[in-house]
Structures are given as C-alpha cells and as structure tokens.
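Coordinate-derived values only; no laboratory data. Remember, it's a predicted structure, so these values are computed and weren't measured experimentally. No Cβ is skipped: glycine too gets one built from the backbone with ideal geometry, and neighbour counts run over all protein chains shown.
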Amino acid sequence: MKRILFLVSFCLAVTSVNAQEWGWWNELHGWEPGMPGWRSYITISPGYLGPNALPVPDMNNGVLEQSKSLKVSTDFHFRTGDQTQNIAGQFYYPFSDRIAVSVYGVMLEHYSMSDQIRDERAARDRDGEGLAIGDLYFATWIQLVKGRKFPNTLLRMVGKTASGGRLDAARYADSPGYFFDITFSKELKSVAGNWLLRPFVSSGFYSWQTNDMENLQNDAFMYGAGIELDQSDWNITNSVSGYSGYKDERDCPMVYTLSLERSLKKDAIQLQYIVGLRDWEYQSLKLAYIWQWK
C-alpha cells in the first residue's frame, strides 16, 4: 500500500513540475488538460517551420554529373525574427553516364527566434535559441536522354527521412516525405565555342506527411525554370522554382536562386544567393567547397 501511495505521489509531483515548466505555453495557446497534445499545434508547412525543414529542392540542369563529389557548405539564412546558420553536406556517386545516387542533408543547425516567430509557430522552445540536426535525403538520378535532337532529360527521385530534430522548436517536420521531378535542357553554343548557354525547365511532385488527422499528407506540384551559362572555369545559373501544396497553410513556397561556381584544378567552390518569393520568407547565402574525383 505504501508503494502505491509513493508511486501516486511521485506521478502527481512530476505532473505538477511539467505543468509549471510548460505553463507559459499552455496559457499562451489556451491549452488545458484533455485537449490534443502540443504536436497538433505545430503546422507542418514550409511557412511555419525553419528554413531547412521543407525547402524548395535545388534545381539541376538536366545533365548527369560524371564526377564523384563531396560537397560541404556553410549556410546563412536571414529573416526578421529568425536567424539561422547551418553546416550541410552532400555525397554524390555516379555508377555510369546514366545513373547516380546521392546522400545529403543538414549536419548541424543553429537558430535564434524572436518571441513573435516562436509563438506564431506554437514552438515550445521558450528562449527560442538552440541547435538542431537536419533531415537526411537519399536521391537517385537517371539520365533518360542526352546529346540527341530531343532535349536532355534527367529524372530525379528523392526520399526524405524524419531524422531532423527539434519539432518542439518548429525547426523540422519530424515526418517523412518524397519528391521526384524531370528536368529538360538544351545546349546553345557560341560561334567561337568559348561559352555554352543551357536553358532548362522541370516539373514534378512533392509529398510529405503532416500531423492533420483528417489530411495526413500534403501533395504538391513541383516546378522550375532557369538558364545556365558556362564559360571557361565559370558557371552562372539563374532559376525560379517552387512547389504548390493544397492545404493553403503557407505551403506554396517559391524561390529565386543565383548560383556562381568556379572550377579549380580538380575541385570547385560555389556561392549561392536564394531569396524567398512566396511562403518561404528567408534570404540565404551558401558558400560551398566541392571535392571532385573520377
């Protein structure tokens, strides 16, 4: 009997401590015992999470890269009320001139949110600052057409894991997803042959799991278009891309991307500027070093 009374007292004490710890959040969002848990208050959407949670996927130029590579980048995301920095990486391995695989993701993220952004996202990180580990992505690339009268055609299929942390801080979705797209491109060479212009377009499908019990999945149409200029050791790319979900919860992000890449003897360095045009309210600078080998 004493043991039972002890266990009951212990449980009541733990409940009381938890209630005091999260009292500020409960009061702010009107939560009371018996109501759905705090996870249901988080909106699994690119407009209500951190910049790395459900980002618009990088575009490709429709041509399978032939060199193996390891890419490491330092990224800075700027937004009023949410300053984020992270280290990201990608390993890319082509098996032939037709198929390749890659693994990529954010290795470590540091964030600092204002109270306004924290409360808008229903985050439970009271001071709004901390560290998080990002999601891991697995991709397969298949070159369907290359070097023919028909445009270059590249198929990409990607799975997103739920490895990202800090759902309580609304940094990552803590849910799986996937997307696939097809990119078409065509080379236009100069008369002198010292530069190459490659316009490209893409379309695809993006799907991710939500916490809405009535609509557990959000499906989106993916799209993008851009133009790439190759000249000697320089590569400049401009593109606009995005995807459109159906739930009308800031789930239709669109971004403009300017990418500048400089080839070295074997490796390369890359600088990207990304600005959100809709439902992704960040400006980002990404500086990457790319190790390449045959």
Item to check | Backbone HN-Hα couplings from phi across segment 236-244 [Karplus 6.51/-1.76/1.60, Hz, Gly and Pro as x] | outcome: 10, 10, 10, 8, 10, 8, x, 8, 10
Checklist outcome for this item: Low-density loop trypsin sites (Lys or Arg not before Pro), segment 76-153, at most 10 other Cβ within 10 Å, DSSP non-H/G/I/E/B, are R148, K149
Next on the checklist: Amide H of L144 versus every other amide H placed in the peptide plane: which residues, excluding those fewer than 5 positions away on the same chain, fall under 5 Å?
Outcome noted: T153, L154, L155
Checklist outcome for this item: Note, S239: beta-carbon cut-off 11 Å, +1 each Lys/Arg, -1 each Asp/Glu, net -2
Next on the checklist: Residue by residue through segment 267-276, what is 3J(HN,Hα) from phi via Karplus (6.51 cos²θ - 1.76 cosθ + 1.60, θ = phi - 60°)? Round to whole Hz and write x for glycine and proline.
Outcome noted: 9, 7, 10, 9, 10, 10, 10, 10, 10, x
Checklist entry - Beyond 18 Å, what share of the Cα-Cα pairs of segment 162-230 remains, rounded to the nearest whole percent? => result 59 percent
Checklist entry - Which three extents, in whole angstrom, do the alpha-carbon atoms of segment 93-224 cover along their principal axes, largest first? => result 60, 36, 27
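Run the helix sum for the chain: -39,500 (n - 2.57) per DSSP H stretch of 4+ residues, divided by residue count, reported at 222 nm to the nearest 500 deg cm²/dmol.
Values: 3 runs with 32 residues, N = 294.
Rounded to the nearest 500, the figure is -3500 deg cm²/dmol.
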Checklist entry - Taking K and R as +1 and D and E as -1, what net charge do the other residues with C-beta under 11 Å from the C-beta of A53 add up to? => result +1
Checklist outcome for this item: Residues other than R198 with Cβ under 14 Å of its Cβ, Lys/Arg counted +1 and Asp/Glu -1, net out at -2
Checklist outcome for this item: Karplus-derived 3J(HN,Hα) from phi for segment 125-136 (6.51 cos²θ - 1.76 cosθ + 1.60, θ = phi - 60°), whole Hz, x at Gly and Pro, runs 8, 4, 7, x, 9, x, 10, 8, 9, x, 6, 10
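Stokes-Einstein D for segment 117-194 at 25 °C, 0.890 mPa s, Kirkwood Rh over Cα pairs, in µm²/s? If you can, show how the numbers build up before the last one.
Details: Rh = 16.1 Å.
Value of D from the Cα-based Kirkwood radius: 153 µm²/s.
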Item to check | Mean shadow area of the chain over all directions, Cα convex hull, nm² | outcome: 18.8 nm²
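Which of the GluC sites (Glu not before Pro) found in segment 209-294 are loop residues per DSSP with 13 or fewer other Cβ atoms within 10 Å of their Cβ?
Details: sites: E214, E228, E249, E261, E281; in loops: E214, E249, E281.
Hits after loop and neighbour filter: E214.
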Checklist entry - For helix 2-21, what angle does its Cα long axis make with the longest principal axis of the chain, in degrees from 0 to 90 and rounded to 10? => result 50 degrees
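Ratio to report: Rg/Rh of segment 222-266, with Cα atoms as the point set and Rh obtained by the Kirkwood method; give two decimals.
The Rg/Rh ratio comes out at 1.21.
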